[in-house]
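The values are calculated or read from the model by the stated rules, or taken from the named source; none is laboratory data. Keep in mind that this is a model prediction, so the values were computed, not measured. Positions of Cβ are generated from backbone atoms using ideal geometry, with glycine treated the same way; all protein chains shown enter the neighbour counts.
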Amino acid sequence: MEREEQVALSAARYKSAPSGGPRLLFFSGGTALNSLAIELKRYTHNSIHFVTPFDSGGSSAALRTAFDMPAVGDLRSRMMALADETCAGHPELYRLMTFRLPKDHEQEQLRQRLEQISQAADPLSSALKQPVQGLICHYLKTFLSAVPADFDFRGASIGNLVLTGGYLQDNRSLTPITLLLAELLEMRGIVCPITQQVSQLQVTTASGRLVVGQHLMTGKEVPPLSERIIEARLEHPPGQIVLLRPAERDLIESADLLVFPPGSFFSSLIANLLPEGVSRAVAKSRARKVFVPNLGLDPELCGMTLRDQIEFLQHQLGKENGTQDGPSIDLLLTDSKLHPEVDDRLICWLQEQGIELLDVDLSGANPERYDEQKLCRALLALAQS
């Protein structure tokens, strides 16, 4: 009961003054964490979200092929989750940024629709107030002026196209456009890609098979790999190294809690740790490090137990530090009633590793997902303690 009271008290305190809430940092990607982010912004406006820019499928693939750029879909998605939807004008901007062009229309028809949006001649953009309307239209015009003639507009996210226009205008940097959108949306947290360098995620499987491209390993667009992944790395141009930038390094070192959250294990979590400098920054951080494992089926975890996941995560975090001595992860946070692998054998192994098991009630309506409010409150209590 003492712990439950501590969790409730910390949540109530943060909810009363979220602007002073803790800096929880998440290494994530995709949409798996968006519902938690929406819940989290009720308690803190200072959370930090690193997202992966390696998506190689869907509409992101069309943008990456056309402009040789990082993927921006996960960036846009998390920004929308953290937007303050209560402020005047934000519903219209949110609607535009989350709108996707139809998949069943002709290319010329889709381009004409986008041109109308860029000229504020479409309800999506005409509803925006100045100066927001002028800025958004400007970035869409920049995109249209550079887009190849054979670009596939089907299913394209307008938000992704706005980000791309900003990226092209600002010397192939995502920083100015993300900062601007963060201000316009009054985002309740920080979102940034773990790197802005162009690279592809690649993995090696137990049979020695090399798979290049995130969309080939998630089991969403093509069948799952059906064999264990034993290594993950980034493919980049010869002579280049994918680096963590100083700004992102400082964010890691400033965090009150480092969270390795649920989501696709390799393409979301491990991919965030691959740029050089990430594991060094994590090791340097004095914040506690907590791993929250998946509950539902993750096709990327074929052949891997929960212990295997922890060992892989530990190994990845120790690569740059030249040692595996001592735990890189301080805590395993889960609900043993939902995760059947949390048994006496695993508990003994965790104790040998110096990893604390925090087994709390995180159950909700869906047995394959943690309850967002319970998970959010448990993490807030860890940041305080």
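Does T142 satisfy the criteria of being farther than 16 Å from P70 by Cβ and either among the charged types (D, E, K, R) or in contact with a helix residue (DSSP H, G or I) (Cβ under 9 Å, 6 or more places away or on another chain) (or both)? Yes; evaluated as a whole, the condition is true for this residue. G239 meets the conditions (1) touching a Ser or Thr at 6+ places or on another chain (Cβ under 7 Å); (2) at positive phi in every case but one. The failed one is (1). Mind checking whether some residue in segment 124-146 is touching a residue at least 40 places away in the same chain (Cβ under 8 Å), under 18 Å from A61 (Cα atoms) and assigned to a loop (DSSP other than H, G, I, E, B)? There is no residue in segment 124-146 that is touching a residue at least 40 places away in the same chain (Cβ under 8 Å), under 18 Å from A61 (Cα atoms) and assigned to a loop (DSSP other than H, G, I, E, B).
Can you find, within segment 156-199, the residue that is nearest to the chain's Cα centre (by Cα) among those that are within 23 Å of I38 (Cβ to Cβ) and part of a loop (DSSP other than H, G, I, E, B)? Filtering first and then ranking leaves I194. If the condition is being within 16 Å of L168 (Cβ to Cβ) and either assigned by TED's automatic domain parsing to the domain that holds A247 or touching a Gly at 6+ places or on another chain (Cβ under 7 Å) (or both), then segment 61-92 contributes only R76.
Between V278, V290, the distinction of being more than 24 Å from L358 (Cα to Cα) and β-branched (V, I, T) belongs to V278 only.
Scanning segment 23-56 for residues that are closer than 19 Å to L174 by Cα and within 8 Å of the chain's Cα centre (by Cα) returns F27, S28, G29, G30, H49, F50, V51, T52.
Considering only residues of segment 205-251 that are surrounded by 13 or more Cβ atoms within 10 Å (Cβ to Cβ) and assigned to a helix (DSSP H, G or I), which is farthest from the chain's Cα centre (by Cα)? Out of the qualifying residues, it is L216. Of the residues A281, A271, the single one that is buried (at least 23 other Cβ atoms within 10 Å of the Cβ), in a helix (DSSP H, G or I) and in contact with a Leu (Cβ under 7 Å, 6 or more places away or on another chain) is A271.
V259 fulfils the conditions (1) more than 22 Å from S60 (Cβ to Cβ); (2) part of a loop (DSSP other than H, G, I, E, B); (3) aliphatic (A, V, I, L, M); (4) in contact with a helix residue (DSSP H, G or I) (Cβ under 9 Å, 6 or more places away or on another chain) except for a single criterion, (2). Against the list (1) part of a loop (DSSP other than H, G, I, E, B); (2) at pLDDT 95 or above; (3) in contact with a Gly (Cβ under 7 Å, 6 or more places away or on another chain), the condition P22 fails is (3). Just so you know, in segment 61-79 the residues that are over 18 Å from L274 (Cβ atoms) and buried (at least 21 other Cβ atoms within 10 Å of the Cβ) include one that is farthest from the chain's Cα centre (by Cα), and it is L63.
Of all residues in segment 284-303, which are part of a loop (DSSP other than H, G, I, E, B), in contact (Cβ under 8 Å) with a residue 60 or more places away in the chain and more than 14 Å from P224 (Cα to Cα)? Matches in segment 284-303: A287, V292, L295, G296.
Once segment 354-385 is narrowed to residues that are among the small types (G, A, S) and in a loop (DSSP other than H, G, I, E, B), the residue that is surrounded by the fewest Cβ atoms within 10 Å (Cβ to Cβ) is A365. Among the candidates Q314, Q351, the residue that is closer than 23 Å to E227 by Cα, in the same structural domain as M217 (by TED's automatic domain parsing), surrounded by fewer than 21 Cβ atoms within 10 Å (Cβ to Cβ) and without any contact (Cβ under 8 Å) to a residue 60 or more places away in the chain is uniquely Q314.
If you go through segment 37-59, how many residues are more than 25 Å from A11 (Cα to Cα) and crowded, with 24+ Cβ neighbours inside 10 Å?
Step one: of segment 37-59, the residues more than 25 Å from A11 (Cα to Cα) are 51-59.
Applying the additional criterion that residues be crowded, with 24+ Cβ neighbours inside 10 Å yields 51-55.
Qualifying residue count for the region: 5.
Looking only at segment 118-126, decide whether some residue is buried (at least 21 other Cβ atoms within 10 Å of the Cβ), at pLDDT 95 or above and either among the polar types (S, T, N, Q) or not assigned by TED's automatic domain parsing to the domain that holds E231 (or both). Yes, there is a match, as at least one residue in segment 118-126 is buried (at least 21 other Cβ atoms within 10 Å of the Cβ), at pLDDT 95 or above and either among the polar types (S, T, N, Q) or not assigned by TED's automatic domain parsing to the domain that holds E231 (or both). Inside segment 75-87, residues that are assigned to a helix (DSSP H, G or I), more than 12 Å from M97 (Cβ to Cβ) and free of Cβ contacts under 8 Å to residues at least 60 places away in the same chain make up a count of 0. Picking from residues in segment 25-55 that are assigned to a loop (DSSP other than H, G, I, E, B) and among the aromatic types (F, W, Y), the one that is nearest to E186 (Cα to Cα) is Y43.
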